[in-house]
Amino acid sequence: MRWSDGSYLEDQDHWWLSGIHRDVLLLAKPKTFITDYFFRTNIAEDFSYAGIEVEVKIDNSLDNNDIADFTIEASLYDNGNWLSHSDHIGLLSANIAHLELVLSSDPCVGFKGYMLVGKVQAPKLWSAEQPNLYTLVITLKDASGNLVDCESCQVGMRKISKAPKQLLVNGRPVVIRGVNRHEHHPRLGKTNLESCMVKDLVLMKQNNINAVRNSHYPQHQRWYELCDLFGMYMVDEANIETHGFFDYPNYKHPTQESCWAASMLDRVVGMVERDKNHACIIVWSIGNEASYGPNHAALSGWVREKDASRLVHYEGGGSRTSSTDIVCPMYARVSQIVEIAKDPTEQRPVILCEYSHAMGNSNGNLHTYWEAIDSIFGLQGGFIWDWADQGLLKEVCGKMRWAYGGDFGDTPNDLNFCLNGVIFPDRSPHPALHEVKFLYQPIKVSFNEGIIKITNMHFFDTTQALEFNWVLHGDGCELGSGILPLLVIEAQRSHETKWESGPWFSAWTSSSAAEIYLTITAKLLNSTRWANSGHLISSTQVLLPSRRNVVPHIIKSTDATLLCEVVDDIIKVGQKDWWELKFNKQTGGIEGWKVNGVSIMNKGIYPCFWRAPTDNDKGGGPLSYLSRWKAANLDKVIFVNESCSVESTNSHEVKISATYHGIAKPEEKTPSNAGTSNILFKVGMALLIYGSGDVVLECNVNPCPDLPPLPRVGVEFQLDSTVDQVKWYGRGPFECYPDRKSAAHLSIYELSVGEMHVPYVVPGECSGRADVRWVTFENKDGVGLYASTYGESPPMQMNASYYSTSELDRTTHNEDLRKSENIEVHLDHKHMGLGGDDSWSPCVHDEYLVPPVPYSFAIRLFPKTAATTGYDIYKSQFSEE
């Protein structure tokens with residue numbers, strides 16, 4: 001129904017779609033039938049056996065036969081090893097337990113309850129790592145022994161318990177590496193397809209996700225069966241959320257009103273009664289964002305009495321009320337959860353019910369949370385918000401696009417606040433999913449004080465099913481690789497070795513590279529239900545000591561002759577039959593750069609301090625980064641050439657210097673926070689052009705100190721559209737930024753400009769690559785431009801795109817982006833982080849902000865031909881002491 005009193009309790013942040021979304025089943029049953037059953041286990045402290053209880057309820061209210069004429073039986077079958085190949089999965093083996101009938105504990109007229117009990121020796125326990133399942137079969141027979149009715153389901157034996165500051169599964173304090181999941185299909189909305197559920201679970205397992213929170217309602221029944229089967233810890237959540245009351249504080253909240261208690265309890269009871277036999281559910285949640293009051297105390301009390309085998313979760317009221325067994329804050333900062341975990345008066349574990357808001361280009365700082373979770377007792381993980389962008393396919397002018405709030409003329413709407421996933425609506429991954437997989441990976445590798453330490457973070461699995469490999473890279477090039485022979489590492493144990501004892505040592509001794517990185521990977525030896533053999537489970541890169549002390553080389557003049565010509569305002573510098581650079585003294589910029597007669601650069605090189613705002617940049621109203629940037633007119637800065645001169649020129653070397661003033665456009669008023677002057681930036685840029693072909697760009701930046709944190713500090717230029725092949729030595733291959741780069745290994749990568757673009761539904765800053773040492777931009781013939789950091793300058797943040805910053809800022813849908821005639825390139829000395837602790841407040845961590853202070857940096861440029869490689873040009877920058 002579109003509107004009802006239930007609407008007040010179903011006010012979740014998602015698409016409001018009316019209609020019938022779930023399967024409707026009409027089931028014919030005999031007059032006397034099995035109406036319900038509850039499978040419970042009582043596992044011994046040493047896990048040597050499991051006591052089994054199955055409570056069965058029989059309804060014979062429509063039957064004249066005496067219930068005493070019927071018999072009820074239950075059997076438990078072993079499904080075999082959960083790692084079996086698919087053609088064996090589901091074959092039943094021995095009947096391992098025949099349950100005996102005992103007297104019912106609570107018989108009632110017309111609704112008879114029976115208890116069957118038994119025992120299983122050495123039970124195969126269920127966990128997300130080892131989802132062992134048994135088949136429970138319950139039969140009802142008449143006095144002649146004829147089958148009247150039967151029920152069956154898959155069940156798992158596991159023990160959920162509490163310890164001080166810990167949630168235990170089978171006695172182990174498992175870490176929750178989770179995501180929140182709405183039910184959403186890009187074509188069908190809230191309607192579920194099993195294939196989509198399977199796709200979600202396969203992707204989750206492949207990316208080391210072990211837990212899901214059903215946000216924020218009980219989900220399709222098949223979802224639970226699949227989570228049992230694949231192995232996924234679950235928080236099952238009641239359909240209670242009362243967002244609408246946040247805007248009306250004068251109204252008494254439903255949880256304070258006794259007249260709402262029955263409706264709230266009905267939703268919780270319905271959830272528990274329907275889903276109680278699923279092993280995957282380890283926690284019941286009594287709702288989301290519905291304030292707190294006596295009705296919640298009633299809900300938690302009912303759940304605890306009904307099912308003491310699981311924990312209860314509720315965030316409302318501050319996440320630490322008596323109605324929750326878990327301290328479960330949402331979007332708490334790292335310092336806050338650490339403070340709670342270290343509070344000696346708080347004996348409950350801390351598990352974030354929502355954190356790391358994945359809206360657009362986001363999930364910065366995720367590594368900071370996991371540095372705390374992996375090291376501080378009492379922190380036990382969390383659930384990222386959320387799994388999938390909830391975009392809906394819509395055709396506009398003959399083109400399909402992802403639609404969001406308002407695109408259907410719907411009001412009210414929350415615009416693109418339904419696009420908060422680590423995957424796109426079609427289940428293709430956001431770049432941030434790589435970061436999630438890395439930080440959630442169960443095999444950790446560290447290098448400290450000469451020791452390589454490999455830790456198995458699993459709680460039940462050994463490393464027997466994994467193959468370890470190593471790869472050694474020097475300055476981005478592979479030096480050696482091989483299988484890493486290791487003994488089996490037990491769960492929660494480590495293997496340590498001196499790095500000089502490793503099989504990579506001989507390759508290290510023969511290398512003269514400035515940087516040598518060791519990568520250790522773990523892959524599946526055999527196929528599983530969710531991945532093929534060879535699937536990458538974990539990959540960690542560590543920096544080894546350099547064998548030689550390498551220092552930056554200072555470029556000096558050579559005997560090569562430079563051709564220099566000045567005609568009016570145009571300065572031409574180059575070498576015959578190789579390259580020519582055309583410089584405009586009026587603008588202070590390059591008007592053209594040709595290599596082998598081919599146009600490479602059409603415009604540049606200018607300072608740049610602006611980026612197309614991300615969703616996180618926009619969050620926070622007047623305090624958002626975007627609001628502060630616009631108040632300071634950073635989005636309207638133009639650079640005026642104050643002076644330009646050829647400071648020195650000879651046949652071997654030319655130096656051209658320019659001074660820029662970055663000012664707000666004249667028609668705009670000067671912002672009050674920029675002082676009395678309209679000058680926001682003073683930038684000195686010098687081009688040192690050598691006969692060797694090297695061009696060294698030296699930049700000195702002086703921002704107005706009253707400006708807010710800057711989006712970036714760097715340079716931009718326009719390359720010809722044919723120069724579309726990008727090769728770089730830096731982090732990758734996927735998009736990464738200063739506060740989201742843990743998963744991006746250092747190596748040499750190659751992509752086209754088109755492949756670098758990330759099609760976020762709402763465009764903004766994207767496609768960056770972090771810690772770039774050098775990069776080449778080439779056409780199909782290998783002709784182009786090389787760029788690298790120079791001297792003592794740190795690695796760069798690099799971006800190349802067919803879409804200009806202004807175009808990414810202008811459009812509201814990726815499909816509306818218009819390609820430029822040129823390729824816009826950014827080489828940044830500093831780039832502000834993405835943030836992601838939430839998307840409604842400015843929350844980039846301090847260490848990833850770019851304060852308005854003076855900066856100096858240098859970039860080396862070089863005309864590249866097919867006869868040269870970026871690696872060779874880069875190596876020429878260094879000399880050994």
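Couple of notes before you dig in:
- Given (1) polar (S, T, N, Q); (2) open to solvent by less than 40 Å² (accessible area, probe 1.4 Å); (3) modelled with pLDDT under 95; (4) not in a loop (DSSP other than H, G, I, E, B), number of the condition S692 does not satisfy: (4)
- Hits in segment 321-338 - residues which are in a helix (DSSP H, G or I) and surrounded by fewer than 20 Cβ atoms within 10 Å (Cβ to Cβ): V334, S335, Q336, V338
- Condition check for W16: touching a strand residue (DSSP E or B) at 6+ places or on another chain (Cβ under 9 Å), open to solvent by 80 Å² or more (accessible area, probe 1.4 Å) and part of a loop (DSSP other than H, G, I, E, B): yes
- Close pairs from segment 506-525: first part of a helix (DSSP H, G or I), partner surrounded by fewer than 20 Cβ atoms within 10 Å (Cβ to Cβ), Cβ under 6 Å, at least 6 apart: A507/L479; A507/G480
- Lone qualifier among S752, S721, S788 - being among the hydroxyl-bearing types (S, T, Y), open to solvent by less than 10 Å² (accessible area, probe 1.4 Å), under 21 Å from M601 (Cβ atoms) and modelled with pLDDT of 95 or more: S788
- Checking L817, L834 one by one, the residue that is surrounded by 22 or more Cβ atoms within 10 Å (Cβ to Cβ), modelled with pLDDT of 95 or more, among the aliphatic types (A, V, I, L, M) and farther than 20 Å from T789 by Cβ is L834 and no other.
- Annotation note: of D36, D63, D46, D11, the sole residue that is open to solvent by less than 60 Å² (accessible area, probe 1.4 Å) and within 30 Å of K119 (Cα to Cα) is D36.
- Screening W302 against (1) surrounded by 24 or more Cβ atoms within 10 Å (Cβ to Cβ); (2) among the aromatic types (F, W, Y); (3) part of a helix (DSSP H, G or I) leaves a single unmet condition, (1).
Quick grid of which residues meet (1) under 30 Å from G502 (Cα atoms); (2) part of a loop (DSSP other than H, G, I, E, B); (3) among the polar types (S, T, N, Q); (4) touching a residue at least 60 places away in the same chain (Cβ under 8 Å):
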{"residue": "R547", "(1), (2), (3), (4)": "yes, yes, no, no"}
{"residue": "W593", "(1), (2), (3), (4)": "no, no, no, yes"}
{"residue": "S599", "(1), (2), (3), (4)": "no, no, yes, yes"}
{"residue": "G604", "(1), (2), (3), (4)": "no, no, no, yes"}
{"residue": "S627", "(1), (2), (3), (4)": "no, no, yes, no"}
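- Tallying residues that are in a loop (DSSP other than H, G, I, E, B), touching a residue at least 12 places away in the same chain (Cβ under 8 Å) and of a type in the set (S, T, N, Q) within segment 371-409 yields 1.
- Screening G318 on (1) modelled with pLDDT under 95; (2) crowded, with 19+ Cβ neighbours inside 10 Å shows it passes everything except condition (2).
- Given (1) modelled with pLDDT under 85; (2) acidic (D, E); (3) under 43 Å from the mean Cα position of the chain (by Cα), number of the condition E647 does not satisfy: (3)
- Filter result for V573 (out of contact with any helix residue (DSSP H, G or I) (no Cβ under 7 Å at 6 or more places or on another chain), surrounded by 12 or more Cβ atoms within 10 Å (Cβ to Cβ) and farther than 28 Å from R773 by Cα): no
- Every residue from segment 442-477 that is part of a loop (DSSP other than H, G, I, E, B) and of a type in the set (A, V, I, L, M): M457, A465
- The residues listed here are L623, L543, L562; of these, the one that is over 32 Å from the mean Cα position of the chain (by Cα) and either under 30 Å from S692 (Cα atoms) or surrounded by fewer than 19 Cβ atoms within 10 Å (Cβ to Cβ) (or both) is L562.
- Selected residue (only one of I209, I281 is open to solvent by less than 40 Å² (accessible area, probe 1.4 Å), in contact with a helix residue (DSSP H, G or I) (Cβ under 9 Å, 6 or more places away or on another chain) and within 25 Å of S428 (Cα to Cα)): I209
- Meets criteria (assigned to a loop (DSSP other than H, G, I, E, B) and open to solvent by 10 Å² or more (accessible area, probe 1.4 Å)) for T368: no
- Filter result for K727 (part of a strand (DSSP E or B), basic (K, R) and under 34 Å from the mean Cα position of the chain (by Cα)): yes
- One residue from N250, N239 being open to solvent by 10 Å² or more (accessible area, probe 1.4 Å), in contact (Cβ under 8 Å) with a residue 40 or more places away in the chain and polar (S, T, N, Q): N239
- All positions within segment 521-540 that are open to solvent by 40 Å² or more (accessible area, probe 1.4 Å) and of a type in the set (S, T, Y): S527, S533
- Within segment 257-278, being more than 30 Å from G381 (Cβ to Cβ) and surrounded by 13 or more Cβ atoms within 10 Å (Cβ to Cβ) holds for E257, W260, A261, S263, D266.
- Qualifying residue in segment 431-447 (condition: touching a Pro at 6+ places or on another chain (Cβ under 9 Å) and over 27 Å from C328 (Cβ atoms)): no
- Scanning segment 724-739 for residues that are in contact with a Pro (Cβ under 8 Å, 6 or more places away or on another chain) and more than 18 Å from G870 (Cβ to Cβ), we see that the one that is surrounded by the fewest Cβ atoms within 10 Å (Cβ to Cβ) is F734.
- Verdict on V117 being at pLDDT below 95, within 19 Å of K276 (Cα to Cα) and in contact with an Asp or Glu (Cβ under 9 Å, 6 or more places away or on another chain): yes
- Residue under evaluation G6, criteria (1) surrounded by 11 or more Cβ atoms within 10 Å (Cβ to Cβ); (2) not in a helix (DSSP H, G or I), criterion not met: (2)
- Residues that are part of a loop (DSSP other than H, G, I, E, B) and either modelled with pLDDT of 95 or more or aliphatic (A, V, I, L, M) (or both) within segment 27-44 comprise L27, A28, A44, listed in sequence order.
- Some residue of segment 89-101 being at pLDDT 75 or above, small (G, A, S), assigned to a strand (DSSP E or B) and buried (at least 17 other Cβ atoms within 10 Å of the Cβ): no
- Filtering segment 72-84 to residues that are open to solvent by 40 Å² or more (accessible area, probe 1.4 Å) and at pLDDT below 90 leaves N81, W82, L83, S84.
The values are calculated or read from the model by the stated rules, or taken from the named source; none is laboratory data. Note that the structure is predicted; figures quoted are calculated from it, not measured. Cβ atoms come from the backbone with ideal geometry, glycine included; neighbour counts cover every protein chain shown. Surface accessibility is based on the protein's heavy atoms, side chains included, excluding ligands, DNA and RNA. Shrake-Rupley method; radii C 1.70, N 1.55, O 1.52, S 1.80 Å.
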